[in-house]
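Contents: one structure, followed by commentary.
A short reminder: the numbers here are calculations on the coordinates, not readings from a lab. Being a predicted model, the structure only gives us computed values, none of them experimental. Counting neighbours? That spans all protein chains shown, and the Cβs are built from the backbone with ideal geometry, glycine included.
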Amino acid sequence: MRILAVSDEESKALYDYYRPGKLSDFDLIIACGDLSVEYLEFLVTMADCPLVYIHGNHDDVHKRMPTGCICAEDKVVEVGGLRILGLGGSYKYRDGKYMYTEKQMESRIRRRWFSIKRRGGIDVLMTHAPARHLNDLETIPHRGFECFNRVLEKYRPKLFVHGHVHRSYNHRIPQICTRGETTVVNAFDHCVIELNADT
């Protein structure tokens, strides 16, 4: 399966310099937040494959949801044979619709327990913020959630895809790394993921 992961910044390579057929080889698009409705609608139209999205910490400005896209916020959705858990938002550093304390994010995960169990686990953990000490920063606005680490340990998904921490903040932040059995992807701008059956 060929997956396009996007987050935080509209990719000039995909949008401004788009050419016909550029997005036709993807089986799934994962959008990890802080992207315009128009951009998501463009991607899902030109790629002609499912686009699953969650909210970023700045998405409270949106007046409508993107047409033709699948919202995975606070649920497990099954797309292309993958069980995807979506948890948008960032660590709370001010009042905002999609900002959470560690305790609040932990509570969101607990409420998904039955959905995860009923499906026999998850294949993809899709978040806006990273996990604590895994591609995050020490500043409060870009701190990761410790509870995401527990999800990775308990369910061992194939993929953990997040955004929020722009790679321009620190050139040492990897775009792709691993944690145990999980491939971790920072979707800032865009990243192409080749997911094999044994990945």
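Return His190, His164 ranked ascending by Cβ neighbour count within 10 Å, so the fewest neighbours appear first.
By the 10 Å Cβ count, ascending, the order reads His190, His164.
Under a 10 Å cutoff between Cα atoms, tell me which one of Ser90, Ser11, Ser24 has the largest fluctuation in the Gaussian network model of the chain.
With Cα springs under 10 Å in the chain, the top fluctuation among Ser90, Ser11, Ser24 is at Ser24.
For the chain, take the convex hull of the Cα atoms, compute a quarter of its surface area, and give me that in nm², please.
With every direction weighted equally, the projected area is 10.5 nm².
Please give the calculated 222 nm ellipticity per residue for the chain, where each DSSP H segment of at least 4 residues contributes -39500 (n - 2.57) and the sum is spread over every residue; nearest 500 deg cm²/dmol?
That comes out to -5500 deg cm²/dmol.
So what are the ³J(HN,Hα) numbers for the range 51-59, from phi and the Karplus equation (6.51, -1.76, 1.60; θ = phi - 60°), rounded to whole Hz, Gly and Pro as x?
For the range 51-59, the Karplus curve yields 10, 9, 9, 9, 8, x, 5, 9, 7 Hz.
Which loop GluC sites (Glu not before Pro) in the range 77-142, with loop taken from DSSP, have no more than 15 other Cβ atoms within 10 angstrom of their Cβ?
Here the GluC sites (Glu not before Pro) that fit, given the DSSP loop and packing criteria, are Glu138.
Need the full-extension length gain, Arg118 to Ser24, defined as separation in residues times 0.36 nm minus the C-alpha distance. One decimal, nm.
Full extension from Arg118 to Ser24 adds 30.5 nm.
With a point put 7 Å past each Cα toward its Cβ, work out how far Met1 is from Ser168 in nm, to one decimal.
Label at Met1, label at Ser168, 3.1 nm between them.
Tell me the label-point distance for the pair Asp95, Asp48, using the 7 Å Cα-to-Cβ offset, in nm and rounded to one decimal.
So the label points at Asp95 and Asp48 sit 4.8 nm apart.
Within the chain, what is the number of lysine pairs with alpha carbons under 21 Å apart, leaving out pairs fewer than eight places apart on the same chain?
12
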